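The values are calculated or read from the model by the stated rules, or taken from the named source; none is laboratory data. It should be emphasised that the depicted structure is a prediction, and the values quoted were computed from it without experimental measurement. Cβ placement follows ideal geometry from the backbone for every residue including glycine, while neighbour counts extend to all protein chains displayed.
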Amino acid sequence: MPRYALLADHSPDLCPSSNAKTRNRMLEGLNPENAEKVAQSLGMEVVYGPLHLDPSHRTIAIIDAPAIEAVTKWVVETGMFQWNSVEVSPVTPIEDMMPIILESPIVFD
């Protein structure tokens, strides 16, 4: 199954630690029971995280999902997009990238 990295960040005024509405929405959508229920319904698994990058207003997660659309739907259904800018990227282990790198033409001498 493909693996994705999710990066999310928000401004201090939208932080669940200082904004009551954001906190309520976060507790509703990202509580472990709901986040897992939504993930299972989409056939995906949150492999690692979400983790808070201290002391910033940034979160990271590693997700296995059948397609990037499943990750996007999870972000929407948990409400994470409502207080964060979210970026989702497919990831490739470095050992799998090595042959691609070695076969690529050198552009800069």
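Worth pointing out:
- Residue selected from the stretch 60-79 under the condition in contact with a Gly (Cβ under 7 Å, 6 or more places away or on another chain) and not small (G, A, S), by the criterion nearest to R23 (Cα to Cα): T78
- Selection of the stretch 40-57 for residues being assigned to a helix (DSSP H, G or I) and either surrounded by 11 or more Cβ atoms within 10 Å (Cβ to Cβ) or touching a Cys at 6+ places or on another chain (Cβ under 6 Å) (or both) yields only S41.
- Pairs with Cβ under 6 Å, 6+ apart, first in the stretch 15-43 and closer than 16 Å to H57 by Cα, second of a type in the set (A, V, I, L, M) and surrounded by 13 or more Cβ atoms within 10 Å (Cβ to Cβ): P16/M26; T22/L14
- Scanning the stretch 91-109 for residues that are among the aliphatic types (A, V, I, L, M), closer than 15 Å to R3 by Cα and in a helix (DSSP H, G or I) yields I94, M97.
- Screening M44, M1 for residues that are modelled with pLDDT under 95 and touching an Asp or Glu at 6+ places or on another chain (Cβ under 9 Å) leaves exactly one candidate, M1.
- Residue selection: T22 satisfies the criterion of being polar (S, T, N, Q), at negative phi and buried (at least 16 other Cβ atoms within 10 Å of the Cβ).
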